[in-house]
Amino acid sequence: MTYYHSRYGTATRRKKSRFGKVIYTILFILILGALGLAYQLWVTIFKPNTWVPDNEPLAFYVPSGTDYDELKSLLYSHGVIINRKTFEWLAEKKKLTGNVKPGKYMIESGLNNNEVINLLRGGQQTPVKLIFNNIRTKQELAQSISSQIEADSLSIIRLLNDSSYLKVIGFNPQTVLALFIPNTYEVYWTMTAREFIDRMYMEYNKFWTTTRISKAEAIGLTPVEVSTLASIVDKETTKVDEMPAIAGVYTNRLKYGWRLQADPTVVFAWGDFDIRRVLNIHKMIDSPYNTYKYYGLPPGPICIPTIAAIDAVLNKEDNSYMYFCAKDDFSGYHVFASTNDQHIINANRYQRALDQLNIKN
């Protein structure tokens, strides 16, 4: 009896051992499968999946109204996404398909799908440094701004010529250039034309502090008139240190009822900014911007004036000069005179210098 019982027990143990091995094998396979799925999930979500040339962040623009398919086309056309399959799988799971946000995004090498999708789905735009300077006309301004934000130049120029809209903020199509203070502004690329103008109006009000307004009142000018005169000063000289002296000459002429007789206003009236030498024929143009023909300030700025020129007008030099003329050494500086006789001497000297260089216009 003992022998048979031993054989039976041994057989039972063998069966249990085989069953245990099967269970362990199944568990091992399941664990491997789970690890494989976990790894695949990690690859899909967290493995770096972007590439940009030279490892330099890529400015990636998503226009307003872009849908998911168009977004993918944009990404793929830039070669940004390495594994499209994993990107699209996660994009669908995280519902990027219906949540594309327009804007400017900076894409770096080594971002994972999760980071890219969160960036685009959350609208985490990179701000734009909006800059404008050396602008003569509304058309130039519209073109400059539209090259930096999504709003097109036509929508911007329409607002700049919209009398009803501009009247609400205290301007008109002739004076509107005085609204803009050249600086660097942080904005979003998706900014509309209306948002741009509204932002500039806010910056204008911040710039015109009570101190600046008081200085304008002290010389009998409004902020818009200060900007108009500053625009003339800006086009007369690039030398900041002599701007207050030139501003002093022009305020003296206004004070005594003289015509401003500013060459830059004539150039603006002609719309030919290549004119280097204003001749008598140029001065005959019938335009309210021709300060040889009409008294007082022109209808509005002849450019967007620099802050330096605006402050030069507000802090004008108190002098007795009524005339100034470019120096004959072409240094960019001017010589000043209180009498017409002295001015004629200075002007003739400069004209001879022009003739020697054969500068006719």
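The values are calculated or read from the model by the stated rules, or taken from the named source; none is laboratory data. Bear in mind that the values here come from a model prediction, so they are computed numbers and not experimental data. Cβ sites come from the backbone with ideal geometry, for glycine too, and all protein chains shown count toward neighbours.
When only residues in the range 225-244 that are of a type in the set (A, V, I, L, M, F, W, C) and either crowded, with 21+ Cβ neighbours inside 10 Å or not assigned by TED's automatic domain parsing to the domain that holds residue 296 (or both) count, which is farthest from residue 179 (Cα to Cα)?
The initial filter retains those residues of the range 225-244 that are of a type in the set (A, V, I, L, M, F, W, C), namely 226, 229-230, 232-233, 240, 243.
Pick out the ones that are also either crowded, with 21+ Cβ neighbours inside 10 Å or not assigned by TED's automatic domain parsing to the domain that holds residue 296 (or both) and you get 226, 229-230, 232-233, 243.
Details: 226: 12, 229: 14, 230: 13, 232: 16, 233: 17, 243: 21 Å.
Among those that are of a type in the set (A, V, I, L, M, F, W, C) and either crowded, with 21+ Cβ neighbours inside 10 Å or not assigned by TED's automatic domain parsing to the domain that holds residue 296 (or both), it is 243.
Which one is nearest to the chain's Cα centre (by Cα) among residues in the range 139-152 that are in a helix (DSSP H, G or I) and buried (at least 19 other Cβ atoms within 10 Å of the Cβ)?
So in the range 139-152, the residues in a helix (DSSP H, G or I) come out as 139-146.
Then keep just the ones that are buried (at least 19 other Cβ atoms within 10 Å of the Cβ); that gives 141-142, 145.
Numbers: 141: 11, 142: 11, 145: 6 Å.
Here the answer is 145.
If you take the residues in the range 114-138 that are in a helix (DSSP H, G or I) and among the basic types (Lys, Arg), which one is nearest to residue 271 (Cα to Cα)? Even if it seems obvious, please write down each step before you answer.
Here is the first cut: in the range 114-138, the ones in a helix (DSSP H, G or I) are 114-121, 138.
Now restrict to residues that are among the basic types (Lys, Arg): 121, 138.
Numbers: 121: 47, 138: 12 Å.
Looking at the filtered set, the residue picked out is 138.
Just name the residue that is surrounded by the most Cβ atoms within 10 Å (Cβ to Cβ) out of those in the range 270-300 that are in a loop (DSSP other than H, G, I, E, B) and among the charged types (D, E, K, R).
Residues of the range 270-300 that are in a loop (DSSP other than H, G, I, E, B), as a first pass: 271-281, 285-300.
Retained after the next criterion (residues that are among the charged types (D, E, K, R)): 272, 274, 276-277, 286, 293.
Numbers: 272: 11, 274: 7, 276: 10, 277: 12, 286: 8, 293: 17.
Among them, the one singled out is 293.
Out of all the residues in the range 315-345, which are more than 13 Å from residue 249 (Cα to Cα) and either crowded, with 20+ Cβ neighbours inside 10 Å or outside the structural domain of residue 225 (by TED's automatic domain parsing) (or both)?
326
Surrounded by 14 or more Cβ atoms within 10 Å (Cβ to Cβ), part of a helix (DSSP H, G or I) and over 21 Å from the mean Cα position of the chain (by Cα): does that describe residue 197? Steps first, please.
Numbers: surrounded by 14 or more Cβ atoms within 10 Å (Cβ to Cβ): yes; part of a helix (DSSP H, G or I): yes; over 21 Å from the mean Cα position of the chain (by Cα): no.
So residue 197 does not fit the description; no.
Is there a residue in the range 243-256 that is touching a residue at least 12 places away in the same chain (Cβ under 8 Å), part of a helix (DSSP H, G or I), hydroxyl-bearing (Ser, Thr, Tyr) and closer than 30 Å to residue 65 by Cα?
No: the range 243-256 contains no residue that is touching a residue at least 12 places away in the same chain (Cβ under 8 Å), part of a helix (DSSP H, G or I), hydroxyl-bearing (Ser, Thr, Tyr) and closer than 30 Å to residue 65 by Cα.
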